[in-house]
Amino acid sequence: MKYLILIGLTIAFLGCQTQKFNRLVTPEKTAPFPQIQVPDGKSLTVFNILNFQNCSFHRIILKTAETPHTHEKHDLAVYVLSGSSWIYLNDRKIELYPGDFIVIPRGVKHYAVNTGKDPAEVLAVFSPPFDGKDVVPVTTTP
């Protein structure tokens, strides 16, 4: 019985939470992440979280699909936060789930396609830091 009460109180507490807290915590400060949306007419948006000397962190929200591309000067690691999508890595097609971790070495053709009704969201880490310019479009074979 006490477990049912504890479960009920936990559910009630979680139900009272009106705001999802997303914060950036560094030794210097704690700051909230801004709420970001994919602009109308765009398939995705990229929010630069933080840059270090050897890598950069980005929050990416995918509404529809990316175009196939490579990064010639950057390695990429991606952690799936939410949503459902497919990732295409060279000739492989892999269904992604929240909690999946994807490694994309430089030069690997890749793109993601959102398969859900809500946008998919990932945390992407580029090495070296990504300036948004190293996106090389590639064609896909049918």
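Please treat every number below as a calculation from the coordinates, not as lab data. Treat the numbers as computed from the prediction; the structure is a model and nothing was measured. Because the Cβ atoms are built from the backbone with ideal geometry, glycine has one as well, and the counts that use them run over all protein chains shown.
Observations
- The residue that is nearest to Gln37 (Cα to Cα), counting only those in the stretch 88-140 that are in contact with an Asp or Glu (Cβ under 9 Å, 6 or more places away or on another chain) and basic (Lys, Arg), is Lys109.
- Annotation: Gly83 fulfils all but one of (1) loosely packed, with under 14 Cβ neighbours inside 10 Å; (2) closer than 20 Å to Asn22 by Cβ; the unmet one is (1).
- In the stretch 18-67, the residue that is nearest to Val138 (Cα to Cα) out of those that are aromatic (Phe, Trp, Tyr) and in contact (Cβ under 8 Å) with a residue 24 or more places away in the chain is Phe57.
- Subset of the stretch 23-52 [more than 14 Å from the chain's Cα centre (by Cα), of a type in the set (Val, Ile, Thr) and part of a strand (DSSP E or B)]: Val25, Thr30
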